[in-house]
1. Which number in (1) over 30 Å from Ser115 (Cβ atoms); (2) in contact (Cβ under 8 Å) with a residue 40 or more places away in the chain marks the one condition that Ala73 misses?
2. Every residue in segment 38-70 that is of a type in the set (Lys, Arg) and touching a residue at least 24 places away in the same chain (Cβ under 8 Å), please.
3. Out of all the residues in segment 78-102, which are within 22 Å of Gln4 (Cβ to Cβ) and out of contact with any Lys or Arg (no Cβ under 8 Å at 6 or more places or on another chain)?
4. Thr88 fails exactly one of the following numbered conditions: (1) assigned to a loop (DSSP other than H, G, I, E, B); (2) at negative phi; (3) at pLDDT below 95. What is the number of that condition?
5. In segment 29-52, how many are part of a strand (DSSP E or B) and touching a Lys or Arg at 6+ places or on another chain (Cβ under 8 Å)?
6. Being polar (S, T, N, Q), at pLDDT below 95 and either under 23 Å from Thr23 (Cβ atoms) or loosely packed, with under 12 Cβ neighbours inside 10 Å (or both) is the requirement here; does Asn117 meet it?
7. Quick check on segment 1-24: of everything there that is outside any loop (DSSP other than H, G, I, E, B) and either in contact with a helix residue (DSSP H, G or I) (Cβ under 9 Å, 6 or more places away or on another chain) or charged (D, E, K, R) (or both), which residue is modelled with the lowest pLDDT?
Amino acid sequence: MAAQNGKDLLVKVDMNGSGLFETIAGLRATRVSFNAESVDVTSLESQGGWRELLSGAGVKSASISGSGVFKDAGTDERARQLFFDGETPNFQVIIPDFGIVEGAFQVTGIEYAGSHNGEATYEMSLASAGALAFTAL
C-alpha cells in the first residue's frame, strides 16, 4: 500500500440518529486503535509447554482519539452534548485505502486548551460501545 495523507483519516459522527454523518470539525490529528483480549487456556497438557489461546474468545474493543482546533461548529456542539448526555451514537472512521469502520462509540473525554496568543484547541477520546462493522474500500 502506498503512503497516505493523514488528513484523509476521517472521524464522522451521526448528527441526529438518522445516518447523517458529518466529519468532526477542526480535527488535525486522529488515531484509531483496535484491541482484542486473549483467553489463555494453557494447561499441563499443552504441547511443549507452549501457551494456548482460545480462538475467537475475549473482548474486542476500539478507541479513537483526536486533537484539533475548536471551531464551535455543529459537530463540536454534538460531541460536547454526547459527552454530557452519555449517549452512544454511531460514528464512522474512514481509513484511506483500507475501509470504513462504523458503530456505536461513547465520548469518554474532551479537553480544551488555549493560550492568549494562539488558537483554542481540543482533544477528544472515544471508546467503542458495541459491535463494529467494517466495509473494505
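1. (1)
2. The initial filter retains those residues of segment 38-70 that are of a type in the set (Lys, Arg), namely 51, 60.
Correct list: Lys60 only.
3. So in segment 78-102, the residues within 22 Å of Gln4 (Cβ to Cβ) come out as 91-102.
Ile95, Pro96, Asp97, Phe98, Gly99, Ile100, Val101, Glu102 - these are the residues of segment 78-102 that are within 22 Å of Gln4 (Cβ to Cβ) and out of contact with any Lys or Arg (no Cβ under 8 Å at 6 or more places or on another chain).
4. Condition not satisfied by Thr88: (3).
5. So in segment 29-52, the residues part of a strand (DSSP E or B) come out as 29-36, 40.
From what is left, the residues that are touching a Lys or Arg at 6+ places or on another chain (Cβ under 8 Å) are 34-36, 40.
Number satisfying all stated conditions: 4.
6. On the way: polar (S, T, N, Q): yes; at pLDDT below 95: yes; either under 23 Å from Thr23 (Cβ atoms) or loosely packed, with under 12 Cβ neighbours inside 10 Å (or both): yes.
Taking the combined requirement at face value, the residue satisfies it.
7. Taking segment 1-24 first, the residues outside any loop (DSSP other than H, G, I, E, B) are 6-8, 10-14, 21-23.
From the residues that got through so far, the ones that are either in contact with a helix residue (DSSP H, G or I) (Cβ under 9 Å, 6 or more places away or on another chain) or charged (D, E, K, R) (or both) too are 7-8, 12-14, 22-23.
On the way: Lys7: 77, Asp8: 83, Lys12: 94, Val13: 94, Asp14: 95, Glu22: 93, Thr23: 93.
Selected residue: Lys7.
The values are calculated or read from the model by the stated rules, or taken from the named source; none is laboratory data. The structure displayed is predicted, hence computed values, not measured ones. Note that we place each Cβ from the backbone using ideal geometry, even for glycine, and neighbour counts take in every protein chain shown.
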